[in-house]
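Take a look at the structure set out below.
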Amino acid sequence: MNDTLSKEILTDDQIEQDLLKNINWGNKFKLWLAFLAVSLIICLYFYYQQIEHGLGVTGLHDYVSWGIYISNFVFFVATSLIGMLISSVLGLMNVSWVKPLARIAELVAVAFAMVAGLIIITDMGRPDRLLNVFMHGRVQSPIVWDIAVVVTYVAISILLLYIPLLPDIALCRDKLKNVPKWQQKMYKILALGWKGKAKQFKLMNNYTRILLILIIPIALSIHTVTSWLFAMTLRSGWDSPIFGPYFVSGAFVAGCAAVIITMYFFQKNYKLDKYITIDHFDRMGRLLVLVALVYVYFNINEIIVPAYKTNTADAKHVQEMLSGHESIMFWMVQLGGLIIPFLLILFRPMRRPLPLMLISIVILTGAWFKRVLIVVPTQLAPYYPIQNVPEKWTHYMPTVPEIAITTGSFILVLIIMSVLAKLFPVIPIWEIKEEINHNKN
Amino acid sequence: MNYFKYYKSIILICLCSLVMANVQAQNEWEVTTEQDKNLSPFMFDDEMVLEGKISYENSCTSCHGMPGQADYTPMAPPPGDPGSNQFQLQNDGALFHKIKLGRGAMPKFEDVFADDETWNIIAYIRSFNENYKQPIPDLGGVEIPKYDLKLAFDENVDKLVVKVFSKEIPQPEVEVSAFVKGTFGKLLLGKIQTNELGIAYLDVDPKLPGDAEGKLHIMVKATKGYALAKLNQKMKIVQPTIRKSAIEGRHIWSTDKMAPIWLKVSFFITIFGVWAVLFFIVFGFRNIKKAGREDDVMIE
């Protein structure tokens with residue numbers, strides 16, 4: 001019995017009408033898309049500059065060679081992990097209230113994972129040599145593992161978005177007669193001749209199930225391997241055996257926040273309050289509390305263990321965080337971006353849609369800066385002191401092109417999500433129909 | 001108005017100090033005649049120039065730049081270019097004295113370099129002057145002896161034995177120094193005078209790393225007054241060193257060729273396995289299509 005859905009009696013027609021409503025190219029959407037496109041072009045101009053002049057246009061240098069690009073990459077991979085948690089872990093456990101949210105989580109996963117791959121390329125001074133990574137990569141290198149898993153994860157996420165979408169694509173093909181020709185044609189091809197036959201459903205369910213199981217180890221390894229990029233390097237602050245689970249738990253916090261924000265905007269823009277209910281926000285809020293608790297636990301471990309051993313390089317690194325040069329950002333991120341929001345969500349009124357969405361934005365911002373804190377300060381404290389180098393190599397400040405290119409990655413995510421949400425229903429219609437019929441009986 | 005006055009006096013003070021600095025720079029750098037006449041006890045040769053070059057690049061380039069390039073650091077007074085006349089027209093003794101004692105921003109190198117090392121630097125500076133002819137010291141008719149060196153190693157007591165001759169006659173009271181040459185520098189074994197038999201004994205640590213045949217590259221220098229002799233010799237002294245690659249056995253950090261089998265197998269099997277499943281599913285799309293059509297036929 002699913003009690004998160006609206007208690008109103010909804011007919012199938014009503015459901016279809018409500019959930020297909022978002023598929024149109026209204027003027028408001030065109031304006032939004034144009035705005036995104038123009039912003040993206042501006043950012044691309046900065047990328048063109050970077051290609052032309054090399055990484056010198058960024059604030060990166062010999063010591064900090066991983067700046068906000070790589071921090072952003074880690075953040076994107078982290079956020080994309082939520083697809084696995086919601087659609088796979090909770091889905092396989094038959095937690096029925098997440099069903100309407102599974103597609104939104106998958107959308108977030110696909111968009112962030114796809115762009116994560118591109119972000120690595122922006123960090124390369126010679127992107128034209130990308131193929132060399134595949135041709136001459138060392139199989140011992142975590143970077144090679146990372147590229148292999150990221151590509152695999154993107155593929156699985158796309159399939160996992162697409163296959164459960166089949167009945168809904170068929171519905172679009174049959175019901176939406178006033179969309180452009182190309183769009184009708186696209187539905188026709190993508191629907192794979194879907195007729196809703198029992199055998200088709202069986203195949204679809206089988207494939208989905210395989211993918212749901214497959215994605216769990218792949219998703220875990222994608223972020224674990226990302227953490228190994230750091231943990232397997234002998235540097236103070238990175239050299240930590242709990243980095244894998246630490247990253248994964250942090251990923252769920254960022255991902256939950258991203259899904260809540262997306263839910264909120266879909267619900268408001270597409271008037272989906274009968275399908276994404278206050279109750280959904282409440283439960284996502286509680287899920288966020290759970291994952292945040294786990295993350296806090298790992299944070300405590302990550303700090304207290306090295307800090308206890310007063311005189312090591314790792315302890316100095318922690319000291320820099322707690323009371324040194326990085327302390328302002330550190331406490332903003334830990335208190336402002338994690339502890340305080342998490343305490344707030346414990347109260348029911350804070351789990352209502354608007355406050356929860358606002359808190360999620362704070363958490364997501366904190367999560368982004370948290371990645372910068374993981375990536376950058378370590379490089380500024382190498383075991384051999386920084387000596388006889390230009391003064392500006394002793395600190396790191398991202399430049400305008402760097403910030404613009406990073407902003408561009410977010411814009412690209414928004415474009416992917418907006419366009420996909422305009423082409424396909426964001427709530428699985430056939431599952432909702434099943435669910436409501438089930439409730440009626 | 002008051003402030004204005006202040007500014008005036010500040011500017012005045014600044015100007016004064018600038019002038020003073022200039023005056024100081026123009027001051028003669030006093031060198032006594034005796035110091036000026038001081039001469040190198042060694043004839044400058046290529047080896048001295050080479051060693052001088054290393055010391056110069058480590059300790060002087062930062063201010064004096066490359067000799068002959070006039071790229072010295074701008075300061076008041078200017079350090080000057082050692083290739084220029086400012087240096088080259090001075091006597092060796094004057095340069096020696098100035099390097100040793102320094103003045104103002106010019107550091108004092110007395111405690112940094114031994115005398116012979118300072119002469120090495122001067123030999124290097126002089127190598128930029130084609131017209132330079134090293135003055136031969138007036139020895140009042142005394143001939144500079146020519147030394148021959150013989151080296152041996154006494155295994156029983158781990159000592160390097162250096163015997164100094166001149167015309168077959170052992171030379172007592174000759175200063176002998178010995179080094180082991182390594183990849184990045186030389187290790188001083190000791191500095192000692194020969195005994196009445198013309199022999200000097202120097203301790204060698206038998207645990208020093210040698211080459212694959214257990215040989216050490218020994219450098220010996222013998223000096224007394226203006227007499228100087230040097231000898232380079234490889235001697236079998238220590239146990240042979242079997243060199244191991246620092247990453248031997250650590251295939252995980254080595255080149256791709258050396259990747260451990262277990263890693264290759266698990267990596268490729270996982271990746272190909274997962275992609276095989278994905279392709280299986282993508283090919284499965286045909287079955288979904290077929291399933292849709294099959295029934296059609298039956299109904300029709």
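The values are calculated or read from the model by the stated rules, or taken from the named source; none is laboratory data. Nothing here was measured: the structure is a model prediction, and the numbers come from that model. So basically every Cβ, Gly included, is an ideal-geometry build from the backbone, and we count neighbours across all protein chains shown. Remember, those area values only see protein heavy atoms, side chains included, never the ligands or the DNA or RNA. Shrake-Rupley method; radii C 1.70, N 1.55, O 1.52, S 1.80 Å.
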Study note, to complete from the structure: Placing one equal point scatterer on each C-alpha of segment B:47-145 and summing with Debye, one gets log10 I(q)/I(0) at q = 0.17, 0.20 Å⁻¹ equal to -0.77, -1.04
Check your understanding: Points 7 angstrom from Cα along the Cβ direction at B:Val161 and A:Leu176: gap in nanometres?
Key -> 10.0 nm
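Which of the three applies to segment A:313-356, rounded, prolate or oblate, going by the alpha-carbon gyration tensor with a ≥ b ≥ c and a/c under 1.5 meaning rounded? Don't skip to the answer; put the middle values down first.
Details: a/c = 5.34, a/b = 3.63, b/c = 1.47.
In terms of gyration-tensor shape, prolate.
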Review point. Ordered by residue, what ³J(HN,Hα) values in Hz, to whole numbers, does segment A:46-55 give under the Karplus form 6.51 cos²θ - 1.76 cosθ + 1.60, where θ = phi - 60° and Gly and Pro are x?
Key: 5, 5, 4, 4, 5, 4, 5, 9, x, 5
Study note, to complete from the structure: Loop-resident trypsin sites (Lys or Arg not before Pro) in segment B:39-113 with no more than 13 other Cβ atoms inside 10 Å, DSSP not H/G/I/E/B, are B:Lys108
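Enter the mean number of other protein chain beta carbons within 10 Å of the beta carbon of each residue in B:271-280, as an integer.
On the way: counts 5, 0, 1, 10, 5, 0, 6, 8, 1, 2.
Per-residue shielding by partner chains comes out at 4.
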Exercise for review: Using a 10 Å cut-off on Cβ atoms, rank the peptides A:68-77, A:420-429 from the highest mean neighbour count down.
Suggested key: A:68-77, A:420-429
Review point. Relative to the longest principal axis of chain B, what angle (0 to 90°, nearest 10) does the C-alpha long axis of helix B:115-126 take?
Key: 80 degrees
Revision key, fill the gap. With Cα springs under 10 Å, the Gaussian network model of chain B assigns the largest mean-square fluctuation among B:Leu197, B:Leu89, B:Leu188 to B:Leu89
Review point. Once both axes come from the Cα atoms, what is the angle between helix A:313-322 and the longest principal axis of chain A, in degrees from 0 to 90, rounded to 10?
Key: 60 degrees
Check your understanding: Based on the alpha-carbon gyration tensor of segment A:12-158, what equivalent-ellipsoid semi-axes (square roots of 5 times the eigenvalues) come out, in whole Å, largest first?
Key -> 35, 24, 12
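R0 = 51 Å: FRET efficiency of A:Glu434 with A:Glu391, Cβ-based, nearest 0.05?
Step by step, r from the Cβ atoms, then E = 0.20.
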Review point. So for the pair B:Thr32, A:Ile300, with labels modelled 7 Å out along Cα→Cβ, what separation do we get in nm?
Key: 7.7 nm
Review point. Label B:Gln134 and A:Leu358 with points 7 Å out from Cα along Cα→Cβ: what is the distance between them in nm?
Key: 8.5 nm
Exercise for review: Please list the non-local residues whose amide H lies under 5 Å from the amide H of B:Phe153, H modeled 1.01 Å from N, same-chain partners needing a gap of 5 or more.
Suggested key: B:Val161
Practice item. Evaluate peptide A:192-200: per residue, the Cβ atoms of other protein chains within 10 Å of its Cβ; return the mean as an integer. Key: 6
Revision key, fill the gap. Expressed as a percent, the accessible surface of chain A that is carbon or sulfur, using a 1.4 Å probe and the full set of protein chains, is 68 percent
Exercise for review: Using only the Cα atoms of chain B, build the gyration tensor, take square roots of its eigenvalues as a ≥ b ≥ c, and label the shape rounded, prolate or oblate: rounded if a/c is under 1.5, else prolate if a/b is larger than b/c, else oblate.
Suggested key: oblate
Exercise for review: Treating the angle as unsigned and between 0 and 90°, give the value, to the nearest 10°, between the Cα long axis of helix A:68-80 and the longest Cα principal axis of chain A.
Suggested key: 30 degrees
Check your understanding: Sorted by packing (mean other beta-carbon atoms within 10 Å per residue), highest first, where do A:208-215, A:244-251, A:132-139 land?
Key -> A:244-251, A:208-215, A:132-139
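Cβ neighbours within 10 Å, averaged per peptide: list A:78-88, B:170-180, B:76-86 in order, most packed at the top. Write out the running numbers ahead of the final one.
Working: A:78-88: 28.1, B:170-180: 19.7, B:76-86: 15.9.
Peptide ranking by packing, descending: A:78-88, B:170-180, B:76-86.
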Revision key, fill the gap. So for segment B:148-236, using the alpha carbon gyration tensor with a ≥ b ≥ c as root eigenvalues (a/c under 1.5 gives rounded; past that, a/b versus b/c decides prolate or oblate), I'd call it prolate
Study note, to complete from the structure: For the B:Met75, B:Asp203 Cβ pair and Förster radius 56 Å, calculated FRET efficiency rounded to 0.05 is 0.75
Review point. Among A:Asn206, A:Asn94, A:Asn178, which one moves the most in a GNM of chain A with springs linking Cα atoms closer than 10 Å?
Key: A:Asn178
Point to revise | In Å, descending, principal axis extents of the Cα set of the protein assembly as shown | key: 129, 85, 50
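Pairs to check: A:Lys175/A:Lys422; B:Lys98/B:Lys230; A:Lys21/A:Lys197; A:Lys28/A:Lys99. Give those whose C-alpha atoms are more than 21 Å from each other in this structure. Before the final figure, lay out the partial values.
On the way: A:Lys175/A:Lys422 15 Å; B:Lys98/B:Lys230 28 Å; A:Lys21/A:Lys197 25 Å; A:Lys28/A:Lys99 29 Å.
Where the Cα-Cα span goes over 21 Å, the pairs concerned are B:Lys98/B:Lys230; A:Lys21/A:Lys197; A:Lys28/A:Lys99.
Roughly how crowded by other chains is peptide B:282-290, in terms of the mean Cβ count from those chains within 10 Å of each of its Cβ atoms?
Values: counts 4, 0, 7, 9, 2, 6, 15, 6, 5.
For peptide B:282-290, the averaged partner shielding equals 6.
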Exercise for review: Give, to the nearest whole percent, the P(r) tail of segment A:164-233 beyond 18 angstrom, counting all Cα pairs.
Suggested key: 57 percent
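Dividing the convex hull volume of the alpha carbon atoms of chain A by its residue count, what do you get in Å³ per residue? Don't skip to the end; give the middle numbers.
Numbers: hull volume 69.2 nm³, N = 441.
Once divided by residue count, the hull of chain A is 157 Å³.
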